[in-house]
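Input: a single structure, listed below in C-alpha cells.
The values are calculated or read from the model by the stated rules, or taken from the named source; none is laboratory data. What you are looking at is a predicted structure, and each value in this text was computed from that prediction instead of being measured. Please note: Cβ atoms are built from the backbone with ideal geometry, for glycine as well, and neighbour counts cover all protein chains shown.
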Amino acid sequence: MSATTMQAAVLTRYGAPQNIKIATVSRPTPKPNEVLVRVHATPVTTADTMMRRAQPAISRLFLGFSRPRNNIMGTGFAGKVVAVGAEVEDFAVGDRVYGESGLGFSANAEYVSVAANGVIDWIPMTLSYVEAATLCDGPLTSYHFLKTLAELRAGQSVLIIGASGSLGTAAVQLARAVGAEVTGVCSTRNVELVTSLGANKVIDYKKDDFLNATDRYDVIFDTIGNTSFRKSKHLLKPAGTYLSPVLGFSLLLEVLYTRVFGDQKAKFDAAGMLPPATLRGYLQELTRLMSEGKFRVVIDQRYGLEEAVSAHQYVDSGRKRGNVVLEVV
Ligand SMILES: NC(=O)c1ccc[n+]([C@@H]2O[C@H](COP(=O)([O-])OP(=O)(O)OC[C@H]3O[C@@H](n4cnc5c(N)ncnc54)[C@H](OP(=O)(O)O)[C@@H]3O)[C@@H](O)[C@H]2O)c1
C-alpha cells in the first residue's frame, strides 16, 4: 500500500451485499477545514444496508440516481487524527476522535476526512474505538427520539418495540436513566439481554402479542417500524406519543394528521439531519451517562474491513443484537 492509497468498502451498484468490493482507492486529502482520521472502527448499520439498496427509492435523490455519488460505504467512524487542514484549530494529530460523516459517507475505509465543525468529538479515555464508533447510530437516534421528540420524564411509561436492536438496546437504557418505567418487546433469545439492560418488563413476541397488552403507555417507541400509530394507539395514554424512526407513507400521513387532530401524536425525525452542534451535545450527554455507568453499548459481531460483505449479510438478516462493527486496525 502506498502513502497515497488505502483500502475501502466500495459499493459498485445498489443492491446485494456482494455489490460491495474491497478496493484500493486514493487516500483522502483533508481540505483546510477538515481532519484526516485513521479509522480504527466503523459500524455497519441497518441504515447503511438501506442505503446500499437505495431504499426507500426516494433516497436516490440524495444518494445518487443511478449509482451512489459517494461510493465508499459507511457513515460512523472512530479513530486517530493523522493530519489537520490549515484552518483547523480544535483538533490535533494524535487525538482520538469519533463521529458521523453523514451524506459524506466514506467511513468504511482506512482513512476518512471530515469537517472539524461537523459531527466529531474526542473519545473519552474510558471508551474503546469499537464502542465509540457505534454511538452515532442507535444511541444518538434513541436519545433524540426519547429526550427531544417524546420529552420522556421520570415516572412515565414507555413501550420499546425492537428492544434488542441498536436503537432498542440504547432506548431501554436511556429511558431507565431518566427514571421511566420500561417495557421491552423482543424475542425469547433476547429476553435476558433486554432485562439486563434494565427493562422493568419484557414482552416476548414469540409468545405474546404486545397489541393485546392491558397496560397503557405515555410513549411507544417502535424502533423497527413493526406496527403503526393506528394499530397501537389503544395502548397509548390520552396524550401519549407514538415514535418511529422508520419512515413510510402511512407514518408520514399519521404524523401530519396528528399534528392537527387529537391529543395523541405520531412522530418521526431523521436524527442525522440535525445540526452538528445539536448532535455533538447529544454525544456528550451519552458519554456522560456512560461514565456514570448508566449506559453501555451492546456489540454483537465484529468483522475486519475485508469482511464488509459478511457484515452486511448479517445485518440484512434482521437478527443483530445491538451493533455490528468493522475493526479496521
Ligand atoms: N430515523 C432515523 O434517524 C434513524 C437513525 C438510525 C436508524 N434508523 C432506522 O431504525 C431502524 C432500527 O434499526 P436497529 O439497528 O435498531 O434494528 P434492526 O437491525 O432493524 O433490528 C434488529 C433487531 O430487531 C429485532 N426484531 C425483529 N423482529 C422483531 C419483532 N417483530 N419484534 C421485536 N423485535 C424484533 C431482532 O431481534 P430478534 O432476532 O430476536 O427478532 C433484532 O435484535 C432501522 O430501520 C434503521 O434504518 C432510523
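Structure data summary
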| quantity | calculated |
| --- | --- |
| Criterion (touching a Ser or Thr at 6+ places or on another chain (Cβ under 9 Å) and either within 26 Å of Arg296 (Cβ to Cβ) or hydroxyl-bearing (Ser, Thr, Tyr) (or both)) met by exactly one of Leu135, Leu146, Leu103 | Leu135 |
| Residue within segment 54-69 that is modelled with pLDDT of 95 or more, surrounded by 13 or more Cβ atoms within 10 Å (Cβ to Cβ) and more than 13 Å from Ile120 (Cα to Cα) present | yes |
| Condition broken by Gly272, with the remaining ones in (1) in a helix (DSSP H, G or I); (2) within 12 Å of the ligand (Cβ to nearest atom); (3) modelled with pLDDT of 95 or more satisfied | (3) |
| Within segment 213-261, tally of residues that are within 14 Å of the ligand (Cβ to nearest atom) and not in a strand (DSSP E or B) | 17 |
| Lone unmet requirement of (1) in contact with a Cys (Cβ under 9 Å, 6 or more places away or on another chain); (2) more than 19 Å from Ser166 (Cα to Cα) for Leu193 | (2) |
| Long-range neighbours under 8 Å by Cβ, at least six apart or interchain, first residue more than 30 Å from Glu100 (Cα to Cα) within segment 249-271, second part of a helix (DSSP H, G or I) and of a type in the set (Val, Ile, Thr) | Gln264/Thr258 |
| Tyr257 vs. criteria crowded, with 16+ Cβ neighbours inside 10 Å and either touching a strand residue (DSSP E or B) at 6+ places or on another chain (Cβ under 6 Å) or of a type outside the set (A, V, I, L, M) (or both) | no |
| Every residue from segment 105-117 that is crowded, with 18+ Cβ neighbours inside 10 Å, assigned to a loop (DSSP other than H, G, I, E, B) and in contact (Cβ under 8 Å) with a residue 60 or more places away in the chain | Ser106, Ala107, Asn108, Glu110, Ala116 |
| Residue tally, condition in contact with a strand residue (DSSP E or B) (Cβ under 6 Å, 6 or more places away or on another chain) and in a loop (DSSP other than H, G, I, E, B), over segment 89-104 | 4 |
| Counted residues, segment 154-197 - those being within 25 Å of Ala132 (Cα to Cα) and of a type in the set (Lys, Arg) | 1 |
| Strands (runs of 3 or more DSSP E) within segment 121-207 that include 3 or more residues more than 8 Å from the ligand (Cβ to nearest atom) and in contact (Cβ under 8 Å) with a residue 24 or more places away in the chain | 157-161, 181-186 |
| Restricting segment 22-53 to residues that are within 11 Å of the ligand (Cβ to nearest atom) and aliphatic (A, V, I, L, M), the residue that is surrounded by the fewest Cβ atoms within 10 Å (Cβ to Cβ) | Met50 |
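Here's the yes/no breakdown for (1) in contact with a helix residue (DSSP H, G or I) (Cβ under 9 Å, 6 or more places away or on another chain); (2) charged (D, E, K, R); (3) not assigned by TED's automatic domain parsing to the domain that holds Pro43:
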{"site": "Pro245", "(1), (2), (3)": "yes, no, yes"}
{"site": "Leu256", "(1), (2), (3)": "no, no, yes"}
{"site": "Asp263", "(1), (2), (3)": "no, yes, yes"}
{"site": "Ser291", "(1), (2), (3)": "no, no, yes"}
{"site": "Gln313", "(1), (2), (3)": "yes, no, no"}
{"site": "Gly322", "(1), (2), (3)": "yes, no, no"}
